[in-house]
Amino acid sequence: MPPSATVTALKAQKNNPDRVSLFLDGEFALGIHQDLVVKYDLHTGRTLTPEEQAQLEADERLIEAKQCALEYLAHKPRTEGEVRDRLAQDDYEPSIIEQVITRLHELSYLDDETYAHDFVKARFANKSYGPHRLRRDLRERGVDAGLIEEALAGLRDTVDFQEAAHALAEKYWHRVADESHPLKQAKKLQGYLVRRGYDTSMARAAVDTVQNEHATP
């Protein structure tokens, strides 16, 4: 731990007026947010103990982590897991990540339940993804399994996945219509539906229906 040090200068940073360069014993120590200048009553001649220096650095690290998270959330809604991963990528300590996550929940900036419901509705409306694909995509974003199933149950109250599978198969039909054998048609159609997130039985039923509809009398 460094010895006690005296504040010899506080200089506003040119590129960010909210930040100040702190000089201790004549040398640059670190950049800090202006709020910390007030919190620690920093001024020329103020002596900082080793413990105060360590806490000052920790507080600055926490402010940086919060700003990082807020900037990440500014682009679009994120899950708690995504924010955790983003902060971990920047090597923020677990204790700091926990503090940031707690604060974001207090501010209602994180809500995985609402995120999951909005996500499945949007992905189904825009891409016609089936339940398996929706479940996988949410799981990859770190959403709790229980919240995922609740969101899917809510979506099932308003949509019919079997009808959606049929519509997708019909839309994709032109790509397989020229296949010489019905089994090849079925294999390609079923594979497409499975990749879109529909289970095998649902995909097979949709394929059978579409093939029958296009069968030559």
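Since every read-out is calculated from the coordinates, none of them should be taken as a lab result. Just so you know, these numbers come straight off a predicted model, no measurement behind them. Using ideal geometry, Cβ is built from the backbone for each residue, glycine included, and neighbour counts are taken over all protein chains shown.
Taking every residue in segment 180-194 that is more than 18 Å from E213 (Cβ to Cβ) and pairing it with any residue that is hydrophobic (A, V, I, L, M, F, W, C), at least 6 positions away or on another chain, the pairs with Cβ-Cβ distances below 8 Å are V194/A203. The residues on offer are L36, L138, and the sole one that is surrounded by 14 or more Cβ atoms within 10 Å (Cβ to Cβ) and either assigned to a strand (DSSP E or B) or within 13 Å of the chain's Cα centre (by Cα) (or both) is L138.
Scanning segment 101-112 for residues that are of a type in the set (A, V, I, L, M, F, W, C) and either assigned to a helix (DSSP H, G or I) or in contact with a Gly (Cβ under 8 Å, 6 or more places away or on another chain) (or both) yields a count of 2.
For segment 113-124, the criterion of being hydroxyl-bearing (S, T, Y), assigned to a helix (DSSP H, G or I) and over 29 Å from A215 (Cα atoms) is met by at least one residue.
If you go through segment 143-153 and keep only what is part of a helix (DSSP H, G or I) and in contact with a helix residue (DSSP H, G or I) (Cβ under 6 Å, 6 or more places away or on another chain), you end up with L147, I148, A151, L152. Considering the conditions (1) free of Cβ contacts under 8 Å to residues at least 40 places away in the same chain; (2) touching a Phe, Trp or Tyr at 6+ places or on another chain (Cβ under 7 Å), P131 is excluded by exactly one of them, (1).
Looking only at segment 60-100, which residues are part of a helix (DSSP H, G or I), in contact (Cβ under 8 Å) with a residue 24 or more places away in the chain and over 27 Å from L42 (Cβ atoms)? Scanning segment 60-100 gives L73, E80, G81, E82, V83, R84, D85.
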